[in-house]
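To start, the structure itself, in structure tokens.
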Amino acid sequence: MKIHEYQGKQLFREAEIPVPRGIVVKSPGEASAAVKELGGKIAVVKSQIHAGGRGKGTFKEVPEQHGVVLVRSPEEAEENAARMLGNTLVTIQTGDEGKQVNTLFVEEGLDIARELYLGIVIDRETLCPVLIMSSEGGMEIEVVAEEAPEKILREHFDADLGLMPYQARNIAFALGMEGKTIRAAEKFLVSICKFFVDNDCSMAEINPLIVTGEGDLVALDAKVTFDDNAMFRHKKLEEFRDLTEEEPAEVEAQAAGLSYVKLEGNIGCLVNGAGLAMSTMDLIKLHGGEPANFLDVGGGASVEAVTEAFRIILADDNVKAVLVNIFGGIMKCDVIVEALLTAYDKVGIHVPLVVRLEGTNVKIARKMLEESGKDIITASDLTDAAQKVVATLK
Ligand code: ADP
Ligand code: MG
């Protein structure tokens, strides 16, 4: 689950990680009032969307307007807010369609002496979290990795012990910090690593992490993603969820107990079991097709779940054919076919449908398919199924 910058900063503040003072606003008038309340000479008006690159991004409706702007007066804040709210911000991370800005975060403008990069992710190779830092703040880390990989520092840490103070100091020295900034870094880095583990984050990124003119460290940006599989133990974080930022079909699928991820291709996949779903996608690609989605209906899918799965797959206009790939283990094939035929009538399938079944009661199930009189292409095995579904598109 992703959250907004202002929500990430609220959590940082609670974890004693320094952030600028800021106010959430939803109208131009509120933006003006927020600048007055913050009181400084400079304020920053920041679009809140679940994507980065906002500073360089621009609005579809107002091409000269950027997603993060520095303002010097309440009036300037109000004018900018009016050009941002309700409009669609396109950044390198949103794709061409962009994202609508419904909320702004107005922050005090800080005096930036240095911009650094900080990221924390799980390193799957060493099976532990890794703190990534670079002197090139404000730049995309992928670009730094490409152009100046020597500028990226990595420090693995133990999830139970957290980042050790000596590790934090080593990084501070490697980044050329001096005086009180070293002590600030020690506290900052230990806290943010603890925050990452305590909240079951899958990613935390602060770009830029700044050193102020005073030598303090402040998180100027906050991009936090939580591991969905751990959300059950963070009920409090549920309130931060912004469904308007998520793929609607994925939200519906989740409510129906299905694992669904929308993809770019045109072959819809309905599969039971995540591993089988992955191999199905691989085979489609091997035979020259592109899957439109990942969909796992689960081991004990009900008629209702299969119907809902069909509805979600077919609601995607990109879908030009559907491949159903079921292995009847605990699930019996005839039950699946019953669900399939019910769904066929209920949803109304208007694209070629290829079905491959194997496992318990497969003979009964195939007979049911044959006798249904419906326009369904059957396949004998996985390769046959993948080839047949790709062929329907030619
Ligand atoms: P994004 O990464 O989506 O472009 P950021 O939050 O990183 O958004 O903001 C973009 C840039 O705006 C930052 O790199 C920084 O230079 C500037 N900026 C952001 N917040 C502040 C602030 N509170 N004070 C001063 N400058 C800021
Ligand atoms: Mg940023």
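The values are calculated or read from the model by the stated rules, or taken from the named source; none is laboratory data. Fair warning: this is a prediction, and the values are worked out from it, not measured in the lab. Cβ sites come from the backbone with ideal geometry, for glycine too, and all protein chains shown count toward neighbours. In case anyone asks, the SASA skips ligands and DNA or RNA and just uses the protein heavy atoms, side chains included. Shrake-Rupley method; radii C 1.70, N 1.55, O 1.52, S 1.80 Å.
Residues that are free of Cβ contacts under 8 Å to residues at least 60 places away in the same chain and surrounded by 15 or more Cβ atoms within 10 Å (Cβ to Cβ) within segment 14-29 comprise just one, P28.
Selection of segment 179-207 for residues being over 17 Å from Q10 (Cα atoms) and either within 16 Å of ligand 1 (Cβ to nearest atom) or surrounded by 22 or more Cβ atoms within 10 Å (Cβ to Cβ) (or both) yields A185, L189.
Among the residues of segment 218-252, just one is of a type in the set (G, A, S) and in a loop (DSSP other than H, G, I, E, B), namely A222. Taking every residue in segment 186-202 that is assigned by TED's automatic domain parsing to the domain that holds A219 and pairing it with any residue that is open to solvent by 50 Å² or more (accessible area, probe 1.4 Å) and in a helix (DSSP H, G or I), at least 6 positions away or on another chain, the pairs with Cβ-Cβ distances below 8 Å are E186/P165; E186/R169; V190/P165; D200/R233.
Does any residue of segment 12-34 turn out to be within 21 Å of G98 (Cβ to Cβ) and near ligand 1 (Cβ under 8 Å from one of its atoms)? No - not one qualifying residue is present in segment 12-34.
Pick out, from segment 40-124, the strands (runs of 3 or more DSSP E) lying fully within it that include 1 or more residues that are open to solvent by 30 Å² or more (accessible area, probe 1.4 Å) and closer than 24 Å to N199 by Cβ.
Ranges flagged: 112-123.
Exactly one residue out of G268, G215 is assigned to a loop (DSSP other than H, G, I, E, B) and away from ligand 2 (no atom under 16 Å from the Cβ), and it is G215. Taking the criterion of being part of a strand (DSSP E or B) and touching a strand residue (DSSP E or B) at 6+ places or on another chain (Cβ under 9 Å), would at least one residue in segment 331-349 satisfy it? No: zero hits.
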